[in-house]
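One structure is given here, and the rest of the page talks about it.
The values are calculated or read from the model by the stated rules, or taken from the named source; none is laboratory data. This is a predicted model, so every value here is computed, not measured. Counting neighbours? That spans all protein chains shown, and the Cβs are built from the backbone with ideal geometry, glycine included.
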Amino acid sequence: MDVSYVAGEAYTACVRGHRLLVDQPAAETGGDDTAPTPTELFAASLATCVAFYAGRYLDRHGHRPPRPGLLLPAQLCGHGHQLPVGVGQTAGAVPDHPGDRR
């Protein structure tokens, strides 16, 4: 992984040929708000990891269609200058899931 400066408060991370841009909000830290903050990207990585394993669970238990319609709202806690930062709450929703398995 390589991280390089772009402009203002923006940086690009290159991971296996994929480019991820991060920036800061203009009002708070002088960025241009062209991309998520690094903290938001961190929380998104945690939430997408949860969604990935929820999708795998649906696949294993024969839910058809297994993943379309899977929605995982996640609440970012400690955002801004508060620490620690993380995903405070997630609650998944799957249309037509029987709900008899946990």
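So here's what we get for this one:
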read-out	value
Long-range neighbours under 6 Å by Cβ, at least six apart or interchain, first residue of a type outside the set (D, E, K, R) within segment 16-32, second not in a loop (DSSP other than H, G, I, E, B)	Leu20/Ala13; Leu21/Thr12; Val22/Tyr11; Val22/Pro38; Val22/Leu41
Residue list for segment 10-53, filter: touching a strand residue (DSSP E or B) at 6+ places or on another chain (Cβ under 9 Å) and of a type in the set (Gly, Ala, Ser)	Ala10, Ala13, Gly31, Ala35, Ala43, Ala44, Ala47, Ala51
Evaluation of Ala27 against (1) touching a helix residue (DSSP H, G or I) at 6+ places or on another chain (Cβ under 8 Å); (2) modelled with pLDDT of 75 or more; (3) surrounded by fewer than 15 Cβ atoms within 10 Å (Cβ to Cβ) (one fails), failing number	(1)
Given (1) β-branched (Val, Ile, Thr); (2) assigned by TED's automatic domain parsing to the domain that holds Leu76; (3) touching a Phe, Trp or Tyr at 6+ places or on another chain (Cβ under 7 Å), number of the condition Thr48 does not satisfy	(3)
